[in-house]
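Student: Dumping the structure here so I can ask a few things about it.
The values are calculated or read from the model by the stated rules, or taken from the named source; none is laboratory data. Just so it is clear, the model here is predicted, and its values are computed rather than measured. Here Cβ is always computed from backbone atoms with ideal geometry, including for glycine, and neighbour counts include all displayed protein chains.
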Amino acid sequence: MNWLIRPSDKLRGDVHVPGDKSISHRAVMHAALAQGTSHIRGFLRAGVTEAMLRCVRDLGLLVEFDQQGTLVVDGAGLHSPAAPLDCGNSGATIRMLMGALAGWPDVVTTLSGSAGLRRRPMKRVSEPLRLMGADIAEDTPPLVVRGRRLHGVEYTLPVASAQVKAAILLAALQADGPTTIHEPGPSRDHSERMLRALGVSVVDHHQTVTIEPIHGSLPAFELTVPGDISSATFLFAAAALVPDSEVTIRAVGMNETRTGIIDALQAMQAVVTIDNCRELGQEPIADVNIRASELQGITISGDWVVRMIDEFPMLAVMATQARGETIVRDAEELRVKESDRIGTLATELRKFGAQIEEQPDGFSIEGPTRLQGAVVDSHGDHRLAMSLAVAGLIAEGETTIVNAEACRESFPNFVELMQSLGTGGW
Ligand code: S3P
C-alpha cells in the first residue's frame, strides 16, 4: 500500500492513541503464565501484538476479545504446539517467548518469524538464558526451545534492552533461586512494575533488578493499558510542525523510562503542556497538549537515548525543521530495529532534501530545511512509515510513502486519526 500525502495547514483535535505496545505484550505474556482468567482493557490490537496472541493460542491457551474489546486470557499452563510458532515481525514476541518457554519442562517449541525478524539479534537473549541452563538451539530464528529447570543467575546486560531484560525476568520466574540483572542504561521497566503488582518480589535499585522465583503460577489479574507514548509521538511532532496546530492526546503513558521524547520536545522549545497527571494501575499517565512551535536543534546521547529509543525516526524529521544542528550519539541500537534506522533515515530524508550525516552510532541534522515532496520507502518499518508521512505534511508538493502498510504493526488507525485532526486527503 502507498500513501499519497499533501501539505497540511492546521491540525486540531483532542484524541486518544492506541494502547501501549510494550505493556500489551507483557500483559498477555503474564496472563498466559497465570492461573485463572485475566482481563486486559485497552490492549493494542495491531500486527505485532496479534503475532503474540497467535503464538499464545498455539501454546494451548484460550485468548479472546469480549464484546467491549477487552482481551480475556484463560491461563492454564503452556503446552507444546503442533507446529512452529510464527512470531511475525515482532521482536518482543520472540524474545519474551524464549524467556517464558525456557523454564517450562516438557514443552518443546520452534520459534520462527518474518525475514526481517530473522535478521535481528537473538543471541543477546539466548546467551543469558543458556547461562540459566536453557536448552536453545541456534541463535537465529527458527530457534528450538526445550523447556528445562533453570537456575537463578547474576547477569550484566551488554546493551540496555528491555526486551532482553523481560525475557530473563520471565525465565527467572521459574528458576531455582533469585536472579539479578545489571543494566547499562534505564530501559523501560514495565515488566518489573507489572510483576510487582502481581505479588512477585522484584527489587529495582540503580539499574540492578533482583527477582525471586514464584514456585507456581502468577495470579490472574485485571489491567487497563495506557496510551502508547511512542504512537503519540507522531501526533506530538505533527502538531509541533504543521503551522497553526494544537492537539491534545489523552491518557498517554508517562513512565519516566519512556519520556525521553517529552524531554526532547521541551529541549527543542516545543510548546508542550502536561496536565492531569495520574496513575493507571502501576503506570503514570497524563494528557499532553502540544502546539505549533519554533524548534531548536539539540544534542542527545547516553541514557537519554535509551529513554526514547523508538522515537528517533520522528525526532529526525523534527530536526530538519529545527534551527541549528541536532546531534544523536550513543544510538547504535537503532541499527538493529525494524530497519537499520540510521541508514534508512539518512537515505529517505535526503530524498526530501534534508541535510543529514550518518555516523556509526547516530546522525546529525542541520536545519531548518524546506522539505520537497518525494517518493520515499518505509523499508517495512512502521515507525519510518509514520515519520515520513508527517514529513509529507510539511513538504512542498506531493509525497508518496511506499510500503506504508507497515504502520499496522503498531498503529492501525494512524491514517484515520491523522485525518480526524484535519490532514485532509491522504
Ligand atoms: C521494547 C523494547 C525496545 C523497543 C521495542 C519495545 C519492549 O527494544 O525498541 O519497541 O517492549 O521491551 P529493545 O529491548 O531491543 O531495546
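Student: Name the pairs whose Cβ atoms lie under 7 Å apart, with the first residue in the range 1-26 and within 16 Å of the ligand (Cβ to nearest atom), the second polar (S, T, N, Q) and part of a loop (DSSP other than H, G, I, E, B), and 6 or more positions between them or separate chains?
Tutor: Final answer for the pair search is PRO18/ASN413; LYS21/SER410.
Student: Here is a follow-up. Restricting attention to the range 9-27, does a residue exist that is modelled with pLDDT under 95 and surrounded by fewer than 24 Cβ atoms within 10 Å (Cβ to Cβ)? I'd like the intermediate steps shown before the answer.
Tutor: Within the range 9-27, the subset modelled with pLDDT under 95 is 9.
From what is left, the residues that are surrounded by fewer than 24 Cβ atoms within 10 Å (Cβ to Cβ) are 9.
Yes, the conditions are met somewhere in the range 9-27.
Student: Then there's this: So which residues in the range 313-341 are without any contact (Cβ under 8 Å) to a residue 40 or more places away in the chain and within 16 Å of the chain's Cα centre (by Cα), if there are any at all?
Tutor: Passing the criteria: ALA331, LEU334, ARG335, ASP340.
Student: May I ask you to list the residues in the range 55-76 that are farther than 15 Å from MET98 by Cα, free of Cβ contacts under 8 Å to residues at least 40 places away in the same chain and not aliphatic (A, V, I, L, M)?
Tutor: ARG57, GLY60, GLU64, PHE65, ASP66, GLN67, GLN68, GLY69, THR70, ASP74
Student: Tell me, yes or no, whether the range 50-69 has at least one residue that is closer than 23 Å to GLY199 by Cβ, within 16 Å of the ligand (Cβ to nearest atom), not assigned by TED's automatic domain parsing to the domain that holds ASN255 and not β-branched (Val, Ile, Thr).
Tutor: no
Student: I've got another one for you. Would you list the strands (runs of 3 or more DSSP E) that sit entirely within the range 1-100 and hold 2 or more residues that are in contact with a Leu (Cβ under 7 Å, 6 or more places away or on another chain)?
Tutor: Values: elements: 3-5, 12-16, 34-41, 62-65, 71-75.
Result: 12-16, 34-41, 62-65, 71-75.
Student: Being within 16 Å of the ligand (Cβ to nearest atom), surrounded by fewer than 14 Cβ atoms within 10 Å (Cβ to Cβ) and part of a loop (DSSP other than H, G, I, E, B) is the filter here; which residues of the range 141-164 pass it? Talk me through it step by step, then tell me what you get.
Tutor: Taking the range 141-164 first, the residues within 16 Å of the ligand (Cβ to nearest atom) are 141, 155-164.
Okay, now just the ones that are also surrounded by fewer than 14 Cβ atoms within 10 Å (Cβ to Cβ), so 156, 158.
Listed by number, the list holds a single entry, PRO158.
Student: So, one more: Consider SER293 against the criteria (1) over 15 Å from GLN266 (Cα atoms); (2) of a type in the set (S, T, N, Q); (3) in contact with a helix residue (DSSP H, G or I) (Cβ under 7 Å, 6 or more places away or on another chain): it satisfies all of them except one. Which criterion is unmet?
Tutor: (1)
Student: Would you call GLU338 within 16 Å of the ligand (Cβ to nearest atom) and either aromatic (Phe, Trp, Tyr) or assigned to a loop (DSSP other than H, G, I, E, B) (or both)? Before you say what the answer is, go through the steps one by one.
Tutor: On the way: within 16 Å of the ligand (Cβ to nearest atom): yes; either aromatic (Phe, Trp, Tyr) or assigned to a loop (DSSP other than H, G, I, E, B) (or both): yes.
Yes.
Student: Could you tell me whether GLY380 is modelled with pLDDT of 95 or more and under 20 Å from the mean Cα position of the chain (by Cα)? Even if it seems obvious, please write down each step before you answer.
Tutor: Values: modelled with pLDDT of 95 or more: yes; under 20 Å from the mean Cα position of the chain (by Cα): yes.
Against the criterion (modelled with pLDDT of 95 or more and under 20 Å from the mean Cα position of the chain (by Cα)), GLY380 qualifies.
Student: Moving on. Which of the residues spanning the range 181-196 are surrounded by fewer than 16 Cβ atoms within 10 Å (Cβ to Cβ) and either within 13 Å of the ligand (Cβ to nearest atom) or closer than 25 Å to THR224 by Cα (or both)? First the steps, then the outcome.
Tutor: Here is the first cut: in the range 181-196, the residues surrounded by fewer than 16 Cβ atoms within 10 Å (Cβ to Cβ) are 182, 184.
PRO184, the sole residue that qualifies.
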